[in-house]
Amino acid sequence: MMNQDHVLHASQDDEMESLVLHDDNGNGNGNGNDSSGNIQQPSQSPKSPFNSFLDPPSYAEAIFTSFDSNGHDQTLEQSSRSGTGSGSGSESDCMQISVSDPQEEQELTNSLVPGGSSYHTYLITTRTGKSEVGVRRRFREVVTLSERLSEAYRGYVIPVRPEKSSVERKVMQKEEFVEQRRVALEKYLRKLVSHPVIGKSEELRLFLEVQGKLPLMRTTDVASRMLDGAVRLPRQLFGSESVAVDLNDVTQPARSGRDLLRIFKELKQSVTNDWGAAKPLVVEEDREFMDKKDKLMEFEQQLSNVSQQAESLVKFQQDMGETMGELGLAFVKLTKFESEEAEFESQRVRAADMRNVATAAVKASRLYRELNTQTIKHLDKLHEYLGTMLAINNAFSDRSSALLTVQTLSSELASLHSRIEKLEVAASRIFGGDKTRMRKIEELKEAVRVTESAKICADREYERIKENNRSELERIDKERQSDFQNMLRGFVVNQAGYAEKMAAVWEKLAEETSTYSSNNS
């Protein structure tokens, strides 16, 4: 993952900041030195700092105000805000989410061992217009929110929550891990808010506004659901409880654990689909969707490759910045040596020339670091879309799961009808009928009625998820077009602009050393 840690080492930064390079008059030599002789970041000239072919100028000016010492961070913040949530067009445009103030708290347990485990809570502040609400949440509550959204909004491309990262927690410093999680949570919640449907959901509103701990409802407590399923399974197998799918559960995936027998049935159906000779009674017939899915899978592979190359570019620019800085420092030390040991005028002239080279190298180093920050900001959109692809795959999984439920219920109905037919044939051969068989037939007909109702619900859920998939793919396609255009324009404008700034530094140095050619002639 690209991040903004690609900078020179702190010791090297301190050393470069303390550089004092005077010209012959003891003042700044016009290469960005202030009155004290310290190297400053080059300020913009009144003229356009970019090539005339770049369009529009207003966008480039917004980017390159970062060169100025005035408002550098402000410009980056504004450009970052303008690049988030593009295409949402929802009321989230005026809603701002911030995650701050991590606090360590002790886990309340009944253990007699003093101390116990601890966790961190984060202050989540939501600003909408003039109103502001702050709640304190722990990561477990974020997991609860994610599970609730996954259950209530199947088929939608829901942003993927940050991982628990138990391994990173063990190998990283606590402060570093907490800060990394804070940033990840803030980014995750901002994505949720920017979603046109999730951003308006009641689940998210409760999470952002209700004070106190977010209750872990039974519907999202996986352990409780698995326990309920284990208790029900013997009764279902031995006939003391109906084996038909519960209408309240059919709109949720079987893996939720509430009905273990259903899990086994759908697993069997999945194996039959993959290895059985007979074609399932219900199949995916939307060829347009299947084509889009295949293209998205190919796009994900290409996106992964581009993201890796972008990381290589960032590493290269980081290395160039560090190398330029080290070159500048080396020339500074050489300049100092020549100045202190100078006995002839030629040595002093040579020291002045090396001082100019050191000044140019340090400036170039700083420009490379600024360029790298901008490159990371823009090309990180590639990595962000890899996360989006994971969310899309989850939405597709909702569709596959819903289809599997429909297929399983269809197969079960076919099996029930077949059993009824066989029992009716057997009962008809006995004069006066077989009361035992007739009673069994009535039980099976009741199971058919319940299963048919469940299948109707499953069909509706499947169609709803299909429609959610369709609308989400349209939305993401529009957002991707806008996001990638902004990413490419920002990346190209910065590369061109910083290259021109670096060229100006070396052109200035070339002018200062132009006397060499006249002396040689």
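The values are calculated or read from the model by the stated rules, or taken from the named source; none is laboratory data. Owing to the predicted nature of the structure, the values given are computational and were not obtained by experimental measurement. Quick reminder, even Gly has a Cβ in these numbers, built from the backbone with ideal geometry, and neighbours come from all protein chains shown. All accessible areas refer to the heavy atoms of the entire protein, side chains included, with ligands and DNA or RNA removed. Shrake-Rupley method; radii C 1.70, N 1.55, O 1.52, S 1.80 Å.
If you go through the stretch 302-334, how many residues are without any contact (Cβ under 8 Å) to a residue 60 or more places away in the chain and among the basic types (Lys, Arg)? Outline the logic, then answer.
Step one: filter the stretch 302-334 for residues without any contact (Cβ under 8 Å) to a residue 60 or more places away in the chain, giving 302, 305, 308-309, 312, 316, 319-320, 323-324, 327, 330-331, 333-334.
Retained after the next criterion (residues that are among the basic types (Lys, Arg)): 333.
So the answer is 1.
Taking only the stretch 266-283 into account, find how many residues are farther than 10 Å from residue 407 by Cβ, surrounded by 11 or more Cβ atoms within 10 Å (Cβ to Cβ) and either of a type in the set (Ser, Thr, Tyr) or modelled with pLDDT of 80 or more (or both). Let's see the steps before the verdict.
Restricting attention to the stretch 266-283, the residues satisfying the condition of being farther than 10 Å from residue 407 by Cβ are 267-268, 271, 274-279.
Next, only the ones that are surrounded by 11 or more Cβ atoms within 10 Å (Cβ to Cβ) stay: 267-268, 276.
Cutting the leftovers down to either of a type in the set (Ser, Thr, Tyr) or modelled with pLDDT of 80 or more (or both) gives us 267-268.
Count: 2.
For the stretch 502-511, how many residues are open to solvent by 30 Å² or more (accessible area, probe 1.4 Å) and in contact with a helix residue (DSSP H, G or I) (Cβ under 9 Å, 6 or more places away or on another chain)?
Applying the first criterion (open to solvent by 30 Å² or more (accessible area, probe 1.4 Å)) to the stretch 502-511 yields 503-504, 506-508, 510-511.
So of that shortlist, the ones also in contact with a helix residue (DSSP H, G or I) (Cβ under 9 Å, 6 or more places away or on another chain) come out as 506, 508.
Looking only at that region, the number is 2.
Out of the stretch 184-204, which residues are out of contact with any Leu (no Cβ under 7 Å at 6 or more places or on another chain) and within 15 Å of residue 388 (Cβ to Cβ)?
Correct list: 187, 188, 190, 191, 194, 195, 196.
One residue is enough: does the stretch 499-518 have a residue meeting the conditions more than 21 Å from residue 296 (Cα to Cα), of a type outside the set (Asp, Glu) and not in a helix (DSSP H, G or I)?
Keep residues of the stretch 499-518 that are more than 21 Å from residue 296 (Cα to Cα), which gives 499-518.
Now drop any that are not of a type outside the set (Asp, Glu), which leaves 499, 501-506, 508-510, 513-518.
Remaining after also requiring not in a helix (DSSP H, G or I): 513-514.
Within the stretch 499-518 (the criterion being more than 21 Å from residue 296 (Cα to Cα), of a type outside the set (Asp, Glu) and not in a helix (DSSP H, G or I)), the answer is yes, since at least one residue qualifies.
Going by the structure shown, is residue 404 within 20 Å of residue 312 (Cβ to Cβ) and of a type in the set (A, V, I, L, M, F, W, C)? Spell out the reasoning first.
Numbers: within 20 Å of residue 312 (Cβ to Cβ): no; of a type in the set (A, V, I, L, M, F, W, C): yes.
No, not satisfied.
Provide a single number: the residues in the stretch 434-466 that are open to solvent by less than 90 Å² (accessible area, probe 1.4 Å) and within 30 Å of residue 289 (Cβ to Cβ).
Number satisfying all stated conditions: 14.
Working carefully through the options 364, 395, find the one that is over 18 Å from the mean Cα position of the chain (by Cα) and crowded, with 17+ Cβ neighbours inside 10 Å. Full working, then the answer.
On the way: 395 fails: over 18 Å from the mean Cα position of the chain (by Cα).
After ruling out the rest, the residue left standing is 364.
Could you check residue 191 against (1) in a helix (DSSP H, G or I); (2) touching a Gly at 6+ places or on another chain (Cβ under 9 Å); (3) open to solvent by less than 70 Å² (accessible area, probe 1.4 Å); (4) more than 23 Å from residue 470 (Cβ to Cβ) and say which number it fails?
Failing condition for residue 191: (4).
Between a residue in the stretch 498-515 that is touching a residue at least 24 places away in the same chain (Cβ under 8 Å) and any residue that is of a type in the set (Lys, Arg), which pairs come within a Cβ distance under 7 Å, given they are 6 or more apart or on different chains?
Partner pairs satisfying both residue conditions: 505/363.
Please work out which one of (1) of a type in the set (A, V, I, L, M, F, W, C); (2) under 22 Å from residue 418 (Cα atoms); (3) modelled with pLDDT under 90; (4) open to solvent by 30 Å² or more (accessible area, probe 1.4 Å) is the condition residue 431 fails and give its number.
Here residue 431 meets the rest and fails (2).
Every residue, every condition in (1) under 24 Å from residue 252 (Cβ atoms); (2) outside any helix (DSSP H, G or I); (3) modelled with pLDDT under 95, yes or no:
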| residue | (1), (2), (3) |
| --- | --- |
| 160 | yes, yes, yes |
| 164 | yes, yes, yes |
| 178 | no, no, yes |
| 230 | yes, no, yes |
| 239 | no, yes, yes |
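Looking only at the stretch 130-151, which residues are open to solvent by less than 40 Å² (accessible area, probe 1.4 Å) and among the small types (Gly, Ala, Ser)? Quick ask: steps written out before the conclusion?
Taking the stretch 130-151 and keeping what is open to solvent by less than 40 Å² (accessible area, probe 1.4 Å), we get 134-135, 137-139, 141-146, 148-149.
Selection gives 134, 146.
I'd like to check something: does the stretch 470-489 contain any residue that is among the basic types (Lys, Arg), surrounded by fewer than 18 Cβ atoms within 10 Å (Cβ to Cβ) and modelled with pLDDT under 90?
No, the stretch 470-489 has no match at all.
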